[in-house]
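For reference, the structure discussed in these notes is given below.
Derivation of every value follows stated rules applied to the coordinates shown; laboratory data play no part. Please read these numbers as outputs of a predicted model, since none were measured by experiment. For neighbour counting, all protein chains shown are included, and Cβ atoms are generated from backbone atoms with ideal geometry for every residue, glycine included.
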Amino acid sequence: MPARAREASTLVTEKREFKAIKGTRDILPPDSALWNWFEQTARDVFETYGFRDIRTPVFEETELFARSIGVETDVVNKEMFTFSTGHDPDSTGESAPDRTYSLRPEATASVARAYIENEMQTLPGNAKLYYMGPMFRRERPQKGRYRQFYQIGAEVLGQSDAPAIDAEVLEMLVVFFKRVGLTRTTLYVNSIGCKDCRPQYVELLREKLREVKDQLGPDSQRRIETNPLRVLDSKLPQEQPIIAKLPRISDHLCAECREHFAKLNEELGLRGIVYEENWRLVRGLDYYTRTTFEVTAEGLGSQNAVCGGGRYDGLVELLGGPPTKGIGFAIGSDRAILSMQEGGKLPHLPGLAVFVAWMGQAAYPTAVNITRKLRTAGLAVELPAEEMKFKKSLGLADKLGASYALIIGEDEVASNTFTLKRLADSEQKKLSELELLEYLESERRGSR
Ligand code: ATP
Ligand code: MG
């Protein structure tokens with residue numbers, strides 16, 4: 001045990017309770033079933049669009065995030081969980097550098113790193129990848145904001161920056177939200193220009209902001225110098241009339257960016273995607289170029305963004321890879337699921353199908369066998385490990401939410417049959433094993 005861990009465990013000798021660390025939480029049944037269904041639906045939808053799963057580590061070199069997301073962003077500047085390697089027991093070299101690692105605050109940087117490291121540019125077509133998993137940011141925990149939260153994301157990396165790619169990614173997102181029943185949403189789209197036109201706009205914005213500096217709050221004042229675009233994100237009521245008068249990026253895009261954005265609007269129209277243009281949507285990460293977008297949902301208060309994304313054409317090159325175009329998004333699963341729960345439109349997920357109410361040791365072998373057969377047929381079955389009184393058995397079946405109780409007692413063993421009781425209306429049937437299997441299988445198919 002490392003010295004620090006030993007210290008921590010011996011110092012505390014009094015009895016104590018352990019709790020999940022602030023900003024983290026357990027996702028328990030039955031919520032976890034909703035989560036699994038949400039994630040499985042994403043897999044199903046994304047795979048119909050030709051995306052495939054990528055799994056990257058949850059920690060990377062700090063520098064990967066600093067370079068890609070940007071050192072002046074809130075995410076890198078104040079929200080990362082960073083630790084040093086300390087003594088690496090595997091390192092033999094005397095002068096192994098003491099690198100720092102960070103828990104990933106998002107996964108686009110990791111996907112770009114994996115793309116380069118695995119030379120995915122040599123694969124045919126675009127790399128179309130999706131991921132899901134925990135992300136970590138040291139923020140003030142509140143409703144819809146956690147220190148460990150979950151994202152589902154997708155990325156397209158390759159040689160083309162055709163607006164049709166942006167539109168298809170947005171279509172996939174909209175289809176997914178619709179499939180899970182998250183319908184009270186708004187999609188906002190913007191273009192924030194490229195390395196040719198944005199710097200001039202940022203400079204212009206900075207000049208204009210300096211003129212009104214004393215009317216801004218401390219955060220925005222600081223951002224005038226560090227990251228003036230982020231001022232447009234401000235939600236401070238006093239700053240709103242000032243921001244409304246600032247120059248808009250749409251009036252300062254270069255010809256190519258203007259053309260790209262116009263074509264994107266056309267492509268979205270072709271796909272029947274409803275959205276709103278929002279010139280203030282700049283996003284918090286440095287790597288974005290041109291297309292940016294965000295989806296907000298109802299029922300979440302001020303943490304109402306359930307997805308953010310955009311184009312990041314220079315990112316792979318910035319990380320030492322070949323010239324590559326890219327676009328992607330990340331859905332905040334915690335918030336999306338919260339919004340679904342508040343909206344009350346939840347799917348009916350299959351629970352326990354059968355509770356095996358066996359009575360008398362003579363019935364036990366039959367119970368064990370039929371349980372295995374029902375499970376092989378894909379049914380969720382609960383077999384009590386110890387004998388229970390009939391009434392108690394049915395009571396538990398009911399509390400566990402089983403659809404049926406399968407009664408196996410002396411009579412059933414003697415007549416080689418099963419009694420199946422539907423718990424919703426107490427209807428009972430006497431069935432042979434074959435009839436039982438056929439009946440329950442057809443029920444299962446019907447309920448899907
Ligand atoms: P916000 O403005 O709410 O801080 P963000 O711009 O930092 O969001 P992104 O980096 O774009 O968020 O991440 C994409 C999505 O991930 C967000 O729209 C949100 O749904 C979710 N998300 C981000 N941070 C958190 C968090 N701390 N807790 C829960 N979900 C989060
Ligand atoms: Mg944030």
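What the phi angles of segment 297-308 give under the Karplus curve with 6.51, -1.76 and 1.60, with θ = phi - 60°, is a coupling list of 10, 7, x, 10, x, 7, 8, 9, 7, 9, 7, x Hz, glycine and proline written as x.
Across the chain, the mean sequence separation of Cα contacts (distance under 8 Å, 6 or more residues apart), normalised by length, yields a relative contact order of 14 percent. Cysteines in the chain that lack a partner Cβ within the 4.7 Å cut-off: C194, C257, C307.
Length available on full extension from R52 to E207: 0.36 nm per residue minus the Cα-Cα distance, which gives 51.3 nm.
When the chain is treated as a Gaussian network with alpha carbon springs shorter than 10 Å, the biggest mean-square fluctuation among S68, S432, S84 belongs to S432. The GNM of the chain, with springs linking C-alpha atoms under 10 angstrom apart, assigns the highest mean-square fluctuation among R230, R137, R16 to R16. List, in order, the whole-Hz ³J(HN,Hα) value for each residue of segment 433-439 obtained from phi through the Karplus relation with A = 6.51, B = -1.76, C = 1.60 and θ = phi - 60°; use x for Gly and Pro. Couplings: 4, 4, 4, 4, 4, 5, 4 Hz. So the label point goes 7 Å from the Cα of F81 along Cα→C-beta, right? Which residues of segment 134-153 then have their backbone N under 17 Å from it? Residues passing the 17 Å test: 134-142, 145-151. Other residues within the sphere of radius under 15 Å centred on the Cβ of R335, judged by their own Cβ, net out at -2 (K and R +1, D and E -1).
Among the GluC sites (Glu not before Pro) in segment 225-260, none is located in a DSSP loop while being surrounded by at most 10 other Cβ atoms within 10 Å of its own Cβ.
Beta bridges assigned by DSSP with both partners in the chain are antiparallel in approximately 80 percent of cases.
Taking θ as phi - 60° and the Karplus parameters 6.51, -1.76 and 1.60, the scalar couplings of segment 66-71 work out to 4, 5, 8, 6, x, 5 Hz in sequence order, x denoting glycine and proline. Among L204, L236, L374, the largest mean-square fluctuation in a Gaussian network model of the chain (Cα springs under 10 Å) belongs to L374. Summary value for segment 200-303: 25 percent relative contact order, contacts being C-alpha pairs under 8 angstrom separated by 6+ residues.
Is the C-alpha gyration tensor of segment 354-446 telling us rounded, prolate or oblate? Criteria: a/c under 1.5 is rounded; beyond that, a/b larger than b/c is prolate, otherwise oblate. Verdict is rounded for segment 354-446.
Peptide packing for 294-307, 38-51, 382-395, 270-283 was compared via the average number of neighbouring C-beta atoms within 10 Å per residue; ordered from the highest value, the list is 294-307, 38-51, 270-283, 382-395.
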